[in-house]
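Step one of this worksheet: look at the structure below.
All of the numbers you see were taken from the coordinates with simple rules; none came from a lab. Every value quoted in this text rests on a predicted model; they were computed, and no experiment measured them. Every residue, glycine among them, receives a Cβ derived from its backbone with ideal geometry; neighbour counts consider all protein chains shown.
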Amino acid sequence: MRLSFYLHGKLKRTKKYILSTFRLFGYNIEKYDVRDSIQFMKNSNKKDLKIIEIGNFDGKNARTILEFLDVEKIYLIDPYYYEKSDNSTTQKEIETNGGDFYFEKARKILKKWENKITWINKNSDNAVSLFKDNYFDYIYIDGNHTYKQVLKDMENYYKKIKIGGVLAGHDICNGIHAQVDNWGVTEAFFKFVNKYNLKPRIHGQDWWIIKEK
């Protein structure tokens, strides 16, 4: 028993030392949640990507994008204020802690990529006019999750994608979590792809569409 405790303690200290050593030399080995559309983009091996993320929140998904993809420029759109119509967990956290808390948290964890980032502290409706059509390689929608707003984001930002580019988003599901939080992602997605006769791709909680024409 004593030997078991000794080895367990030694292994914990060794693991801590290894983690500290990796961080000392600039390696980030924190476990990442690589969402499925990001993995899809990585597998495409495209370079110098121009990207928009709608709904940056604490910056963790943007960090994954920047770590895993070859990004030339990413525009992070988030007003960082509470939207009463969106009853998601994220919005509840912003209501509790304030938008500035999460904005500063995002800026901190994304600091190493600041030369690639443009922060846009507006809602997606007001930001869309800043971007030209047929320009972006990858746009990720993870902002307001209500049916009306998700559909509007799809309509507004699909035209910003270049041919061969990908419009994607998160939280496509019909489970109890979606019902409690009043998410409209699934309904909006199928409304959009059916309207324009597009090929839907879904894996995990991510959806995406490749712009073919």
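Among 159-168, 117-126, what's the highest-first ranking by average C-beta atoms within 10 angstrom per residue?
Ranked from most to least packed, the peptides come out as 159-168, 117-126.
How do K195, K152 rank when sorted from fewest to most other Cβ atoms within 10 Å of their own Cβ?
K195, K152
Past 32 Å, Cα to Cα, is the threshold; run K50/K148; K111/K191; K108/K191; K60/K159; K116/K191; K112/K199 against it and keep the listed order.
K111/K191; K108/K191; K116/K191; K112/K199
For the range 114-164, rounded, prolate or oblate, judged on the Cα gyration tensor with a ≥ b ≥ c (square roots of eigenvalues), a/c < 1.5 rounded, else prolate if a/b > b/c?
oblate
Search the structure for amide H atoms under 5 Å from the amide H of V71, placed 1.01 Å from N in the peptide plane, and list their residues when 5 or more places away or on another chain.
Under 5 Å from the amide H of V71: L49.
Check which residues have an amide H placed less than 5 Å from I52's amide H, if you skip close sequence neighbours.
Answer set, sorted by chain and number: Y75, Y138, I139, Y140.
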